[in-house]
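Read through the structure below, which is laid out as structure tokens, and then see the notes.
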Amino acid sequence: KKQAAFNLQIEALFNVQPPARQELLTHTSILATLEPQLINVFLVRHNTETELAIIETQHAFVVRNDGAASYPEAIREYLFSKLINEVGTDGVRNLYQRAANLYEENGQWTQAIDHYLDAEELAPAAQLLITHADEAFAEQRFDLLRKWLDRFPPEYQADRLSEIRQRTLAAGHAVENSIRPEAPRWLRLPQISARVHRWSGAAIGLTAGLS
């Protein structure tokens, strides 16, 4: 019931937006964050900052985290479903590719990799991953590396990305070992451990004898 009421409210608010603003909302649902300058290029506009300011005053579509504007996940899903209905899956794939190209040109390589993968453009995604792998390892972004690698088919992982895959697996094992709880000191001392074992055996024997 709550979900249905939410959808009705968002639908009603979306429907009263001017067509150009509706297009802005749906087409930017694929972007990581809402950056006016990037959106101006992405949608061939010049007034994105003003439009986003108006949208924010409605207190429904956009939130800010650490100063960056973005859509809450439920809103993004709603707008994305509108986008698919509007342009189709091929159109969405083309938009992902355009966004990936812009992110790469702006030096935002993590977003570029995500969007190339969403566009099913494996070759440029793999090349960016290879180019920036050392940076990702230096920043210990192992979960992100694993997430990206899992999105490539096995032949990519076994060929172009095999070295990165092996490094990621090794780094993950190293992290797991570094956070594994250490055994109590008394269990790590062979003399005491042996003594405890003898005491345990004696206690068991005594219990058996009394029963």
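The values are calculated or read from the model by the stated rules, or taken from the named source; none is laboratory data. Because the structure is predicted, anything quoted here is derived from the model rather than measured. Please note: Cβ atoms are built from the backbone with ideal geometry, for glycine as well, and neighbour counts cover all protein chains shown. Heads up: the accessible areas ignore ligands, DNA and RNA and are worked out on the full protein's heavy atoms, side chains in. Shrake-Rupley method; radii C 1.70, N 1.55, O 1.52, S 1.80 Å.
Summary of computed values
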read-out: All positions within the range 58-86 that are outside any loop (DSSP other than H, G, I, E, B), open to solvent by less than 50 Å² (accessible area, probe 1.4 Å) and among the β-branched types (Val, Ile, Thr); value: 75
read-out: Filter pass, residue 129 being over 19 Å from the mean Cα position of the chain (by Cα), buried (at least 19 other Cβ atoms within 10 Å of the Cβ) and assigned to a helix (DSSP H, G or I); value: no
read-out: So residue 49, is it among the acidic types (Asp, Glu), open to solvent by 40 Å² or more (accessible area, probe 1.4 Å) and within 23 Å of residue 118 (Cβ to Cβ); value: no
read-out: From the options 163, 135, 139, 120, residue that is acidic (Asp, Glu) and within 25 Å of residue 93 (Cβ to Cβ); value: 120
read-out: Identity of the residue in the range 132-169, aliphatic (A, V, I, L, M) and within 18 Å of the chain's Cα centre (by Cα), that ends up most open to solvent (accessible area, probe 1.4 Å); value: 144
read-out: Residue among 32, 100 that alone is at pLDDT below 95, surrounded by 12 or more Cβ atoms within 10 Å (Cβ to Cβ) and either within 22 Å of residue 144 (Cβ to Cβ) or within 21 Å of the chain's Cα centre (by Cα) (or both); value: 32
read-out: Selection count where residues are farther than 30 Å from residue 97 by Cα and under 29 Å from the mean Cα position of the chain (by Cα), scope the range 1-28; value: 7
read-out: Contacts under 8 angstrom Cβ, first residue in the range 1-28 being in contact (Cβ under 8 Å) with a residue 12 or more places away in the chain, partner surrounded by 12 or more Cβ atoms within 10 Å (Cβ to Cβ) and polar (S, T, N, Q), 6 or more apart; value: 14/22; 24/48; 25/17
read-out: Matching option when the condition is out of contact with any strand residue (DSSP E or B) (no Cβ under 9 Å at 6 or more places or on another chain) and hydrophobic (A, V, I, L, M, F, W, C), among 32, 100, 69; value: 100
read-out: Scan of the range 94-107 for residues that are more than 15 Å from residue 43 (Cα to Cα), touching a residue at least 12 places away in the same chain (Cβ under 8 Å) and of a type outside the set (Asp, Glu), ordered by number; value: 106
read-out: Residue 123 being part of a helix (DSSP H, G or I) and in contact (Cβ under 8 Å) with a residue 60 or more places away in the chain; value: no
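Yes/no per residue for (1) among the acidic types (Asp, Glu); (2) touching a Cys at 6+ places or on another chain (Cβ under 7 Å); (3) modelled with pLDDT of 95 or more:
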site	(1), (2), (3)
120	yes, no, yes
130	no, no, yes
147	no, no, yes
172	no, no, no
182	yes, no, no
